[in-house]
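Below: one structure, written as structure tokens.
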Amino acid sequence: MKLNIVLVEPEIPQNTGNIARTCAALGAKLHLVYPLGFSISEKQVKRAGLDYWDKLEIEEHLNLEEFLKKYKPEKQNMFFVTTKGKQVYSNLDYAKMQEIFILFGKETKGLPENILQKYLDQTIRIPMRPQLRSLNLSNAVAIVAYDIFRQTGFEGLEEISKYF
């Protein structure tokens, strides 16, 4: 199974660095969709990602339209994470999928409303209390990504600690 984490116009460098580290730990490909709210060469991004940048596959896209044209949501296992998602992320059976794309929007606005409406059946959400706006982006990525690997029995990941 190949996992693709797609960040659409991320704004906070520390979040992107943390997500890069999560992707490196899982072997997931990170897609960055421009415009970014920072430069990926910024110190905060590098520090948050620690020394994992060379262990990470990154693909950059000029904009969301270019990404969607290249990867075609109608032909992919592509899911759009939003607090307004039609289904709970953990209710999907990811273990049967060869390649998965999970899209996350910018921290302040999420994914564009027109995209969410167009792909409504492919929207997913993380359950939370109704009076709260959203989770931190890097936490949301970790929750969904690790559940996908949990469903596949953590395939390709270390199962037994080498320290004990």
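The values are calculated or read from the model by the stated rules, or taken from the named source; none is laboratory data. Keep in mind that this is a model prediction, so the values were computed, not measured. Note that each Cβ is placed from the backbone with ideal geometry, even for glycine, and that neighbours are counted across all protein chains shown.
If you check 138, 90 for being farther than 22 Å from residue 60 by Cα and of a type in the set (Gly, Ala, Ser), only one passes: 90. Screening region 90-111 for residues that are touching a residue at least 40 places away in the same chain (Cβ under 8 Å), within 15 Å of the chain's Cα centre (by Cα) and under 25 Å from residue 13 (Cβ atoms) and picking the one that is surrounded by the most Cβ atoms within 10 Å (Cβ to Cβ) gives 103.
Of the residues examined, residue 129 is one that is more than 17 Å from residue 7 (Cβ to Cβ), among the basic types (Lys, Arg) and over 14 Å from the mean Cα position of the chain (by Cα). Screening residue 65 on (1) touching an Asp or Glu at 6+ places or on another chain (Cβ under 8 Å); (2) assigned to a helix (DSSP H, G or I) shows it passes everything except condition (1). Could you list all residues from region 70-116 that are out of contact with any strand residue (DSSP E or B) (no Cβ under 7 Å at 6 or more places or on another chain) and of a type in the set (Asp, Glu)? 74, 93, 107, 113 - these are the residues of region 70-116 that are out of contact with any strand residue (DSSP E or B) (no Cβ under 7 Å at 6 or more places or on another chain) and of a type in the set (Asp, Glu). Is it true that some residue in region 36-57 is in contact (Cβ under 8 Å) with a residue 40 or more places away in the chain and over 13 Å from the mean Cα position of the chain (by Cα)? Among the residues of region 36-57, at least one is in contact (Cβ under 8 Å) with a residue 40 or more places away in the chain and over 13 Å from the mean Cα position of the chain (by Cα), which makes the answer yes. Go through (1) out of contact with any Lys or Arg (no Cβ under 9 Å at 6 or more places or on another chain); (2) in contact (Cβ under 8 Å) with a residue 60 or more places away in the chain one by one and return the number of the condition residue 114 breaks. The number of the failed condition is (2). Checking the structure you have, find out if any residue of region 70-84 is assigned to a loop (DSSP other than H, G, I, E, B), closer than 17 Å to residue 7 by Cβ, at pLDDT 95 or above and in contact with a Lys or Arg (Cβ under 7 Å, 6 or more places away or on another chain). Yes, there is a match, as at least one residue in region 70-84 is assigned to a loop (DSSP other than H, G, I, E, B), closer than 17 Å to residue 7 by Cβ, at pLDDT 95 or above and in contact with a Lys or Arg (Cβ under 7 Å, 6 or more places away or on another chain).
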